[in-house]
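A.B. asks: Below you'll find the structure I mean.
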Amino acid sequence: NAGVMQNPRHLVRRRGQEARLRCSPMKGHSHVYWYRQLPEEGLKFMVYLQKENIIDESGMPKERFSAEFPKEGPSILRIQQVVRGDSAAYFCASSPRQGFYEQYFGPGTRLTVT
Amino acid sequence: QQQVKQSPQSLIVQKGGISIINCAYENTAFDYFPWYQQFPGKGPALLIAIRPDVSEKKEGRFTISFNKSAKQFSLHIMDSQPGDSATYFCAASRVNDMRFGAGTRLTVKP
């Protein structure tokens, strides 16, 4: 059973460009969560999605950031007009259960903004 | 607002020793307490988790001790091995919220 897949693993963008991060949950999981991790820090919740629905986006900045989990295909975290402060590791997790329980994390996408 | 406090920040243990990492939470509504292990460049891996209706859970060399009245829980790694060297995160969650501790970097010396 394949785990959570994320791609790309590393992404370099210049300031002002767009970053698109993709996440495919574990088979049978319909709940997806995105987290951001800065070096030497813990994980900060960004957004919780189910298929075609955003359940909780309280941790996501109101501007430049958006997320979706379409009926078909992976979940996408999109960052428009990236700035240096967006440089971080972005992790996706999936769960078979509703809520913030039993989450399994992907390997992450390391975004570097130059 | 930090709702889960984790200590120590870093820990060095000799091979074969016991590693102990502590966490304290504030919100009594939390009802699920997982521990994650993260190696450099990798994603966090779910290690073990506990519900507040039990005081201890053991899986192999890993044990969670839970003190509901004190709002504290801890991870014990018995017979620590160099391969256990990683960063460990505790977390506390409920149906609509999850908070992580800041992490403990564990080094097990051979």
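A.B. asks: Where residues in segment A:44-87 are among the polar types (S, T, N, Q) and assigned to a loop (DSSP other than H, G, I, E, B), which of them is farthest from the other protein chains (Cβ to nearest Cβ)?
C.D. replies: It comes out as A:81.
A.B. asks: Which is surrounded by 15 or more Cβ atoms within 10 Å (Cβ to Cβ), in contact with a helix residue (DSSP H, G or I) (Cβ under 9 Å, 6 or more places away or on another chain) and of a type outside the set (Phe, Trp, Tyr), of B:64, B:50, B:77?
C.D. replies: Only one candidate passes the filter, namely B:77.
A.B. asks: For segment B:30-47, which positions are part of a strand (DSSP E or B), in contact with a Pro (Cβ under 8 Å, 6 or more places away or on another chain) and either surrounded by fewer than 18 Cβ atoms within 10 Å (Cβ to Cβ) or among the small types (Gly, Ala, Ser) (or both)?
C.D. replies: Within segment B:30-47, just B:46 meets the criteria.
A.B. asks: Away from chain B (no Cβ under 13 Å), more than 25 Å from residue B:91 (Cα to Cα), within 11 Å of the chain's Cα centre (by Cα) and open to solvent by 50 Å² or more (accessible area, probe 1.4 Å) - does that describe any residue in segment A:20-43?
C.D. replies: Checked against the condition, which is being away from chain B (no Cβ under 13 Å), more than 25 Å from residue B:91 (Cα to Cα), within 11 Å of the chain's Cα centre (by Cα) and open to solvent by 50 Å² or more (accessible area, probe 1.4 Å), segment A:20-43 yields at least one hit.
A.B. asks: Something else: Could you grab me the full set of residues in segment A:2-27 that are farther than 15 Å from residue A:69 by Cβ and either part of a strand (DSSP E or B) or small (Gly, Ala, Ser) (or both)?
C.D. replies: Result: A:2, A:3, A:7, A:10, A:11, A:12, A:13, A:16, A:19.
A.B. asks: Of all residues in segment B:10-29 being at pLDDT 95 or above and not in a strand (DSSP E or B), which is nearest to residue A:104 (Cα to Cα)?
C.D. replies: B:18
A.B. asks: Let me ask something additional. Might you let me know whether segment A:71-87 holds any residue that is of a type in the set (S, T, N, Q) and open to solvent by less than 30 Å² (accessible area, probe 1.4 Å)?
C.D. replies: There is at least one residue in segment A:71-87 that is of a type in the set (S, T, N, Q) and open to solvent by less than 30 Å² (accessible area, probe 1.4 Å).
A.B. asks: Further question: Kindly indicate the residue of segment A:88-114 that is open to solvent by 60 Å² or more (accessible area, probe 1.4 Å) and outside any loop (DSSP other than H, G, I, E, B) and also nearest to residue A:36 (Cα to Cα) among those meeting that condition.
C.D. replies: Per the stated criteria, the residue is A:112.
A.B. asks: If residue B:108 satisfies all but one of (1) open to solvent by 50 Å² or more (accessible area, probe 1.4 Å); (2) over 15 Å from the mean Cα position of the chain (by Cα), what's the number of the condition it fails?
C.D. replies: (1)
A.B. asks: Give the residue that is surrounded by the most Cβ atoms within 10 Å (Cβ to Cβ), with candidates limited to residues of segment B:80-105 that are more than 25 Å from residue A:31 (Cα to Cα) and among the charged types (D, E, K, R).
C.D. replies: Looking at residues that are more than 25 Å from residue A:31 (Cα to Cα) and among the charged types (D, E, K, R), I get B:84.
A.B. asks: Being more than 26 Å from residue A:110 (Cα to Cα), within 14 Å of chain A (Cβ to nearest Cβ) and at pLDDT 95 or above narrows it down to one residue among B:62, B:33; which is it?
C.D. replies: Checking each option against the conditions leaves just B:33.
The values are calculated or read from the model by the stated rules, or taken from the named source; none is laboratory data. If you're wondering where the values come from, they're calculated on a predicted model, not measured in any experiment. Note that we place each Cβ from the backbone using ideal geometry, even for glycine, and neighbour counts take in every protein chain shown. Calculation scope for accessible area: heavy atoms of the full protein, side chains included, ligands and nucleic acids excluded. Shrake-Rupley method; radii C 1.70, N 1.55, O 1.52, S 1.80 Å.
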